[in-house]
Protein chains: 2
Amino acid sequence: MNEFAKPTLDDVARAAGVSTATVSRCLNAPDRVIATTRERVMQAIETLGYTPDFGGRALASRRTNTVGAIIPTMDNAIFARGLQSFQEALSRFGKTLLVASSGYSPAREREQMEVMASRGVDGLLLIGSARPEASVEFLRRRGIPFLGAWNLGGEDGYFVGFDNRAAAAGLTEKVLAKGHRRLAMIAGITEMNDRAADRMEGVRAAAERAGIPADELPVIEAAYTFDEGAKAFGNLMALAPRPTAVLCGNDVLAVGAMQKARELGLRVPEDVSITGFDDIDLAGVVDPKLTTVRVPHNRMGEAAAEMLIRLINKEQVERRIEIPTAIVERGTLGPPTPDPAT
Amino acid sequence: MNEFAKPTLDDVARAAGVSTATVSRCLNAPDRVIATTRERVMQAIETLGYTPDFGGRALASRRTNTVGAIIPTMDNAIFARGLQSFQEALSRFGKTLLVASSGYSPAREREQMEVMASRGVDGLLLIGSARPEASVEFLRRRGIPFLGAWNLGGEDGYFVGFDNRAAAAGLTEKVLAKGHRRLAMIAGITEMNDRAADRMEGVRAAAERAGIPADELPVIEAAYTFDEGAKAFGNLMALAPRPTAVLCGNDVLAVGAMQKARELGLRVPEDVSITGFDDIDLAGVVDPKLTTVRVPHNRMGEAAAEMLIRLINKEQVERRIEIPTAIVERGTLGPPTPDPAT
DNA sequence: TGATTTGATGTAAGCGCTTACACTCGATTT
DNA sequence: AAATCGAGTGTAAGCGCTTACATCAAATCA
């Protein structure tokens, strides 16, 4: 063989004086080869610097040991963190991660599904459950096991994630318990984003249980940036009566709101309480520190990897795994200041 | 063909009444097939729901249209952002991204290189230039084009990144121009991390040019966390004489330092100036806003993708592309307060 | 008009691997 | 001692695709 050509199974077999089948077995089922032979083969692999060819292997075995993930964007600490853990866990199972991003567009997600499918991924990680039925159907027809992550999904399918609705409701109850009655919410964009929608619903439900009807709970949807959060907060503060607590759909919006509050000369939490969601690093850094909901994305990433591997291996799998969240009380939630008019 | 089996090229060929070669050409070189035939083939592809098999294609064409990236971790806004842009750009060229993480370990990076190699990636994105020669040699032998990103590397190889050294020096000059003489630095861990090392050197060089010898410039290396930054800052503030300006190797350390300053009752920038590096979102959110160096990671990601594609296509490529950085003056850098003792 | 070129398509040989099946040979059973 | 077994290994048939080369008909030329 040419010194610089990539060595093949044949080269190894020849060098070790065995057949290609034996070399293949050394790699895939070492215990089906007697120790002495195996050593000889391994030695040959080592000296030749052989690594199996992916194409050949994929073609012959009908397996790729590749897992895909289609996420809205990595440019978001939440997904980046989860994906990192997912990838690490996958790597422990000898799988490699193929990533694609949808930019929150269902059409683009579908395209990427086709890319993943034609790459023969063994399984696929998706975010959430809000997607056209046709996309789901596509994966089913192709027989690609897939998983919705970051939330708990709907009727069918497998999920590993958080109960965003319950967590949001829990936080809302905490706010109500402080004595707040005039709540407002800055939600993430809910269209095709079930996490944002669930959080909004959770807040609404808790408020309603406390006797606050939906029409007395102003909600503004805002994109995932500080500026949008700030803008929404400004609009909310212009309302009469002014809300005493603003629940935000995520920490980014909450921090944007905090900036705006400072700009408006409003003290947090004396003049207005603000809460976030996700507990990103930022939450512990702003002043005062943000009261929020901890969402352990890294644990989720790991759990997702394990679940997907089981799905791929056709092992028994629970339909959904809930990763518990926790309310983190820090400095931005306090009791409302008694209305000066009273 | 079985209704549920994945259709193959053969199925398409039969359905369209042409040979497999023609179908293949329709997919890979449409202009080498006459329009009427092509339409018939495309129609068949459509109705059968055919997607080419990756393994077969990779095996036959010796190309995978896959690009790998081995980064320290995605769990770091800097890399996540760059990677996102890289992936998007790649996707526009019809390439898919395979990601792996090294956790800052050269050994692990090497392992991942082998994984990437055996997957037949067409090209590889690496971070920085600090790695054992053997790793580089491995890629060369395999003939895998690769690229160092995020810095400008050394003697040979291709790079797209920033001149961390010059940028750090520039910022240091700005600090000196404010009148500071007692500088200190909290650097990132420099071992096997050329970005951190370059930044440290840049600060040292600028200080020396201003007549401040290295031994009068205390430097503490700290891991990429708020806490480590805070701890290092605490140590620095215990020094006598106390530094009046602390240059940090990245924004995370700087924000940690700011927190510690508040804790210690030190005002920023009145009592002590603090600067960062990277201009992550966080930098614009802390109070006062952080003076730092803007490092456009998304532009870098795109440039890296383009360069790697050219490398893969064996087109003419510049050896290094420098992405310009910019100093962002915000609130944490001010003139030193005159020493009360003077 | 016959010779030559050109463009569209078909034929078939692999690409590197896995795996069903066949084979060998010593150990065990009858 | 013959029959049976099983562990270790080899043989060889593909897996689905690309592509060099062959073929053929139509277009062009002399």
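The values are calculated or read from the model by the stated rules, or taken from the named source; none is laboratory data. As the structure is a prediction and not an experimental result, all values here were calculated from the model. Glycine gets a Cβ as well: all are built from the backbone with ideal geometry, and neighbour counts include every protein chain shown. SASA here: full protein model, heavy atoms, side chains in, ligands and nucleic acids out. Shrake-Rupley method; radii C 1.70, N 1.55, O 1.52, S 1.80 Å.
Annotations
- Under the shape rule built on the C-alpha gyration tensor, where the axes satisfy a ≥ b ≥ c, the protein assembly as shown is oblate, since a/c reaches at least 1.5 while a/b does not exceed b/c.
- Residue of B:SER91, B:SER135, B:SER24 that the Gaussian network model of chain B assigns the largest fluctuation, springs spanning Cα pairs under 10 Å: B:SER24
- Computed over chain B, relative contact order equals 16 percent, with contacts defined as Cα pairs under 8 Å that lie 6+ residues apart.
- Inter-part distance where region A:1-69 and region B:14-37 are each reduced to a Cα centre, Å: 36
- Centre-to-centre, using Cα atoms only, region A:146-217 and region A:267-342 are separated by 12 Å.
- Dimensions (Å) - region B:190-342, Cα atoms, principal axes, largest first: 65, 34, 25
- Cross-link partners of A:LYS260 among lysines (Cα-Cα below 26 Å; sequence separation of 8 or more within a chain): A:LYS174, A:LYS178, A:LYS231, A:LYS289, B:LYS260, B:LYS289
- Sites B:GLU173 and B:ARG299, calculated FRET efficiency, Cβ-Cβ separation with R0 25 Å, nearest 0.05: 0.55
- Pairwise FRET efficiency - A:ASN28 versus B:SER105, Cβ, R0 = 30 Å, nearest 0.05: 0.60
- Remark: accessible surface ordering of A:GLU306, A:GLU88 (largest first) is A:GLU306, A:GLU88, probe radius 1.4 Å.
- Dipole of region B:116-271 [Lys/Arg +1, Asp/Glu -1 at C-beta], most positive-end residue of B:ALA254, B:SER118, B:ALA130: B:ALA254
- For A:LYS231, solvent-accessible area (1.4 Å; no DNA, RNA or ligand), Å²: 120
- Summed buried accessible surface, chains A and B, 1.4 Å probe, nearest 100 Å²: 4100
- Stokes-Einstein D in µm²/s, Kirkwood radius over Cα pairs - region B:19-90 at 20 °C with 1.002 mPa s viscosity: 141
- Spin-label model, B:GLU270 to A:ASP271: label points 7 Å out along the Cα-to-beta-carbon direction sit 2.1 nm apart.
- For a straight C-alpha distance cut-off of 18 angstrom, the aspartates and glutamates reachable from A:LYS314 (same-chain residues fewer than eight places away being disregarded) are A:ASP122, A:ASP156, A:GLU306.
- Backbone phi angles across region B:136-146, fed through the Karplus curve with coefficients 6.51, -1.76 and 1.60 (θ = phi - 60°), yield HN-Hα couplings of 4, 4, 4, 5, 4, 4, 6, x, 8, x, 9 Hz in residue order; Gly and Pro are listed as x.
- Computed E for B:ARG63/B:THR225 - FRET, C-beta separation, R0 51 angstrom, nearest 0.05: 0.75
- Debye, to nearest 20: dipole size of chain B, +1 on Lys, Arg Cβ, -1 on Asp, Glu Cβ: 740
- Accessible carbon and sulfur surface of chain B relative to its total accessible area, %, 1.4 Å: 49
- q = 0.08, 0.09, 0.14 Å⁻¹, chain A: log10 I(q)/I(0) [Debye, one scatterer per Cα]: -0.50, -0.59, -1.05
- Within the assembled protein chains, the solvent-accessible surface assigned to A:THR37 is about 30 Å², based on a 1.4 Å probe.
- Based on C-alpha pairs under 8 angstrom that are at least 6 apart in sequence, region A:164-295 has a relative contact order of 24 percent.
- Around the amide H of B:ARG330, modelled in the peptide plane, lie the amide H atoms of B:THR291, B:THR292, all under 5 Å away and 5 or more residues distant in sequence or on another chain.
- Exam field: B:PRO30 pseudo-label spacings to other copies (7 Å along Cα-Cβ), nanometres: 4.9
- Fluctuation leader among B:GLU201, B:GLU322, B:GLU155 - chain B, Gaussian network, Cα springs under 10 angstrom: B:GLU155
- Each residue was assigned an accessible area with a 1.4 Å probe, and for B:ARG140 the value is about 110 Å².
- With a 1.4 Å probe rolled over the protein heavy atoms of all chains, the accessible area of B:ASP215, B:ASP198, B:ASP251 falls in the order B:ASP215, B:ASP198, B:ASP251, largest first.
- When chain B is turned onto chain A, its residue with the beta carbon nearest the axis, and that distance in whole angstrom, is B:ALA80, 2.
- Label point of B:ASP287 set 7 angstrom out along Cα-Cβ; within region A:257-288, amide nitrogens under 11 Å from it belong to A:258-270, A:286-288.
- Averaged per residue, region A:57-120 has 35 square angstrom of accessible surface, using a 1.4 angstrom probe with ligands and nucleic acids left out.
- A:ARG294 label point (Cα plus 7 Å toward Cβ) to equivalent points in the other copies: 3.6 nm, shortest first.
- Cut-off under 5 Å, modelled amide H: who pairs with A:ASN151 long-range: A:GLY128, A:VAL160, A:PHE162
- Assuming charge only on the beta carbon of Lys and Arg (+1) and of Asp and Glu (-1), the dipole of region A:9-52 about its Cα centre is about 120 debye to the nearest 20.
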